[in-house]
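Written below as structure tokens is the structure these notes are about.
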Amino acid sequence: MVNGRVGKHRNILLVWFVWPLITLGIYHLVWYYKINREAEDFDERIEVSPLIALLAIAIGWIIIVPPFVSVYRTGGRIAAMQRAAGLPGSCSGVIGLILVFCAGLQSLYYQHELNQIWKHYGDPPEGSVVPLAVDAGTAPPPM
């Protein structure tokens with residue numbers, strides 16, 4: 001049996017608007033690192049380097065492409081997490097990428113999709129060990 005660790009259930013409006021506003025955008029970077037770390041902790045079959053994903057959105061703007069690739073792949077990782085939980089992989093990296101250009105709504109969308117996973121397990125405390133589906137499929141490559 002494959003097990004994983006549950007991530008944190010967060011309020012989507014706080015993630016998208018309130019905390020980034022109060023912290024002048026720093027919270028978004030912390031949140032992005034944490035959700036990629038949660039993907040790594042939730043299912044060891046998902047290959048991700050949370051630090052590389054963070055660097056891609058924090059300083060990758062210099063060469064334009066890395067942030068978009070990272071946002072897209074994070075959506076794929078969340079879909080892989082959903083499949084590992086036994087849910088349909090409804091999260092879409094394409095939708096996340098489009099929402100980047102719509103008031104940065106990708107964080108609201110991605111957190112909503114993550115919250116569905118935690119809700120599926122009954123919202124246990126962060127770090128709780130839960131069983132995963134064995135045939136969850138493969139995750140996208142790291143970014």
Suppose we filter region 56-96 for residues that are within 21 Å of residue 27 (Cβ to Cβ), touching a residue at least 12 places away in the same chain (Cβ under 8 Å) and among the β-branched types (Val, Ile, Thr); how many remain? 4
What pairs come up if the first residue lies in region 97-120 and is of a type in the set (Lys, Arg), the second is buried (at least 18 other Cβ atoms within 10 Å of the Cβ) and in a loop (DSSP other than H, G, I, E, B), and their beta carbons are under 6 Å apart, counting only those six or more places apart or on different chains? none
Matching helices (runs of 4 or more DSSP H) fully within region 1-98 where at least 2 residues are among the basic types (Lys, Arg): 26-42, 65-84
Restricting attention to region 1-34, and to residues there that are β-branched (Val, Ile, Thr) and out of contact with any Ser or Thr (no Cβ under 7 Å at 6 or more places or on another chain), which single residue is farthest from residue 104 (Cα to Cα)? 2
Output the residue which, of all residues in region 58-78 that are among the aliphatic types (A, V, I, L, M) and surrounded by fewer than 22 Cβ atoms within 10 Å (Cβ to Cβ), is nearest to the chain's Cα centre (by Cα). 69
One residue is enough: does region 45-57 have a residue meeting the conditions in contact with a His (Cβ under 8 Å, 6 or more places away or on another chain) and more than 29 Å from residue 3 (Cα to Cα)? no
Over region 16-59, the set of residues among the β-branched types (Val, Ile, Thr) and over 27 Å from residue 85 (Cβ atoms) is 18, 22, 23, 26, 59
For residues in region 92-142 being under 19 Å from residue 73 (Cα atoms) and at pLDDT below 95, which is surrounded by the fewest Cβ atoms within 10 Å (Cβ to Cβ)? 141
I'm told residue 54 meets every condition in (1) among the aliphatic types (A, V, I, L, M); (2) surrounded by fewer than 17 Cβ atoms within 10 Å (Cβ to Cβ); (3) within 14 Å of the chain's Cα centre (by Cα) except one. Can you identify the failing condition by its number? (2)
Considering only region 88-113, how many residues are of a type outside the set (S, T, N, Q) and either in contact with a helix residue (DSSP H, G or I) (Cβ under 6 Å, 6 or more places away or on another chain) or under 13 Å from residue 38 (Cα atoms) (or both)? 13
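The values are calculated or read from the model by the stated rules, or taken from the named source; none is laboratory data. Keep in mind that this is a model prediction, so the values were computed, not measured. FYI the Cβ positions are ideal-geometry reconstructions off the backbone, even for glycines, and counts take in every protein chain you see.
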